[in-house]
Amino acid sequence: MSARPAAPTEAARSNRSGSTPRSAVPVVAVDAMGGDHGPGAIVAGALAARADDVTPVLYGPPGLETHGLELREAPDVIGMHEKPAEAVRAKPDSSLVAAVRAVAAGEADAVVSAGNTGAVLAAGLLELRRLPGVLRPAIAVPIPAQRGPSVLIDSGANADARPEHLLQFGAMGAVFAEEILGVENPEVRLLSIGEEPEKGNQLVLEAHELLAASDLNFAGNTEGRDILAGAADVVVTDGFTGNVVLKLLEGTIATLVEALRAEITATARGKAAGLLIRGPARRLRERLDPDAYGGAYLLGLRGLAVIAHGNSSSTAIANAIRLAARGVEHDVVGRLAVRLPQRAEVV
């Protein structure tokens, strides 16, 4: 199906005012060319996610096989190794930028991309713009902690941050935990090298003071070793540290799960024992699987954006689309706009 124009709707006007556009069935714009596995995995994931309560629309080149899903034509592609801001300006007709623009225009309620993370951020800032009072958008990732999922924010949008940014990340993470994870009065902690208030670099020390003086349910510092145990409902850090932590956790989980599988299948006795623990092992693997959520919200923009892993499987893409639809249903953008303090912009 070829591209067809759509005039700005009430959703677009609502989006410009800082509220997530709402429609009877959430429409999710999907960047078909993002990701390491090519458009095939993206299309398969979108097909799997298509249901009565979500409508994926693909953005990609003419002639892309969509197996019946609607295609909006976007001939250009932004590669993973391109410089984000330059690529977004140079390729306004790329699948990534076109999908983000669809949200700004009110043609879609949310966007999902497994493409260049920096380009998604750049396109979001250009096309969607920040919510009033938001200093920096941040990536919020659900972590499969032992006591239930917790939110790690920022997970990669801001390599450098200031104390006031971390304060706002805590507020955005708390809204995420309440609206998406269903946590009442979420506990917020600051990632540091020790639990004591005096531990940490200058950024952490100053952020600790701001968080402690806020109206958030701030419980002090936490250490990286406690994240998977369930250190807090929201763990706040800068984007550089958060991205390192996220990839370390994902790599550790994958390595341990694979090591356990290898040990179980190495001997006949192990295989016999494996049959006895098959059910619990499967449930544990599913709970720790990064594909379970499929993506992360880019919070702080006037529209809803979900960033998926570059190596996302079709299952991860499907779950990222469902995550986007939940964000629309819970009006995450609108609730952030209402609850975040109106502050003068600091670049």
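Under 5 Å between amide hydrogens, built in the peptide plane, is the criterion, and for A296 it picks out I307, A308 among residues at least 5 positions away or on other chains. Normalised by 2.2 N^0.38 Å, where N counts its residues, the alpha-carbon radius of gyration of segment 44-154 equals 1.18.
Each part gets one Cα centre, and for segment 302-336 versus segment 170-194 those centres are 18 Å apart. A protection proxy built from the mean count of other Cβ atoms within 10 Å ranks the segments 104-111, 64-71, most packed first, as 104-111, 64-71. Close amide H contacts of E187 (hydrogens built in the peptide plane, cut-off under 5 Å, sequence separation of 5 or more or a different chain): D233, V234.
Computed with a 1.4 Å probe on the full set of protein chains, the accessible area for I143 sits at about 10 Å².
Karplus-derived 3J(HN,Hα) values for segment 153-165, using 6.51 cos²θ - 1.76 cosθ + 1.60 with θ = phi - 60°, are 8, 8, 10, x, 7, 10, 5, 10, 8, 10, x, 5, 5 Hz; glycine and proline are entered as x. If you average the alpha carbon positions of segment 84-125 and of segment 225-240, how far apart do those two centres end up, in angstrom? Taking the Cα centre of each part, segment 84-125 and segment 225-240 sit 29 Å apart.
What does the C-alpha gyration tensor say about the overall shape of segment 147-224? Classify as rounded when a/c is under 1.5, otherwise prolate if a/b is larger than b/c, or oblate. Prolate shape, in that a/c is at least 1.5 and a/b is the bigger ratio.
The values are calculated or read from the model by the stated rules, or taken from the named source; none is laboratory data. Just so it is clear, the structure is predicted and the values come from calculations on it, not from any experiment. Quick reminder, even Gly has a Cβ in these numbers, built from the backbone with ideal geometry, and neighbours come from all protein chains shown. Side chains included, ligands, DNA and RNA excluded: accessible areas come from the protein's heavy atoms. Shrake-Rupley method; radii C 1.70, N 1.55, O 1.52, S 1.80 Å.
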